[in-house]
Every structure is written in structure tokens, then in C-alpha cells.
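Report on the following structure.
Values in this text are rule-based calculations from the coordinates and carry no lab data. These figures come from a predicted structure and were not determined experimentally. Neighbour counts run over all protein chains shown; Cβ positions are idealised from the backbone, glycine included.
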Amino acid sequence: MARVKRGFKRRRRTNKILKAASGYRERRGNTYRRAVEQVHRGWAYAYAHRKQNKRNFRALWIARINAACRMLGTKYSVLIDAMNKGGVALDRKILADIAVHDPKGFGRIVQAVGVLQ
């Protein structure tokens, strides 16, 4: 059987991995075998952290809304319950932004859903 040297395809694959590993320290950035391990691990972390990022931001929004609610003398859970029952369709991202940048407007929203009298 004839010998296969792989030619440009192997070089293309190697260069793709080494380019992705550029900036890594020591052999992880310039040795193919070590670079493959590190790049694949990096891709796995990137995938997982894209999911985690969404959870982290939701927790941040809830903390901000809760802090703004406490300043008005109510609780986050009471506000969200009243908004669900009242049919107010503001998501937590928008609500947190209003709470941070327009506290008076947030107070009017809380009053409108009937939490404060």
C-alpha cells in the first residue's frame, strides 16, 4: 500500500489549533499536542460559562430589584407576585435597569401594581 503523508490538511489543522492557542504560556502555546488539550478545555469552559453568564446576570438583576424594593419597604417576592397577578409584563432585566437608573419610576411601578398604598 502507498504511503500517505497527509500534506496540507494536517498543516491546516495544526495551524488552526496553534492559532487558537496563541497567547497561552510555555508549551501550551507552541506545541501541537499540548495546545490541543488546552484549546479543547478552553472551548469546553467557554461553552459552560456562556450558560453560567445568564444565571449570574439573572441573580444580579434579582438582587438589584430586591434592594430597590427594600428601600420602598417591600420585598422582591411580594412585588413579583403582585406583578404576575396584575398582568404586568416587565422582565427582571428591564425592572433592574429602571430600579438603578430611575428610582422614582420604579416607585411608581411598585405603586401601580398595588404593593404600596
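Using only the alpha-carbon atoms, how far is helix 103-112 inclined from the longest principal axis of the chain? Give it as 0 to 90 degrees, nearest 10.
Helix 103-112 sits at roughly 60 degrees to that axis.
For the chain, what's the relative contact order in percent, using C-alpha pairs closer than 8 Å and at least 6 residues apart?
17 percent
Per q in 0.16, 0.20 1/Å, what log10 I(q)/I(0) does a Debye calculation on the alpha-carbon atoms of the range 1-58 return?
Scattering profile of the range 1-58, log10 relative to I(0): -0.62, -0.77.
Label residue 2 and residue 16 with points 7 Å out from Cα along Cα→Cβ: what is the distance between them in nm?
Inter-label distance under the simple model: 2.5 nm.
Enumerate the whole-percent occupancy of each 5 Å bin, from 0 to the last occupied one, for all C-alpha pair distances of the range 32-76.
Here the calculated profile for the range 32-76 is 5, 20, 13, 12, 11, 9, 8, 7, 6, 5, 3, 1.
What is the Cα convex hull volume of the chain when expressed per residue in Å³?
Once divided by residue count, the hull of the chain is 182 Å³.
If packing is taken as the average count of other Cβ atoms within 10 Å, what order do 87-100, 8-21 fall into, highest mean first?
Averaged packing, sorted descending, gives the order 87-100, 8-21.
Taking the 0 to 90 degree range and rounding to the nearest ten, how far is the long axis of helix 92-101 tilted relative to the main principal axis of the chain, both from C-alpha atoms?
Roughly 70 degrees, rounded to the nearest 10.
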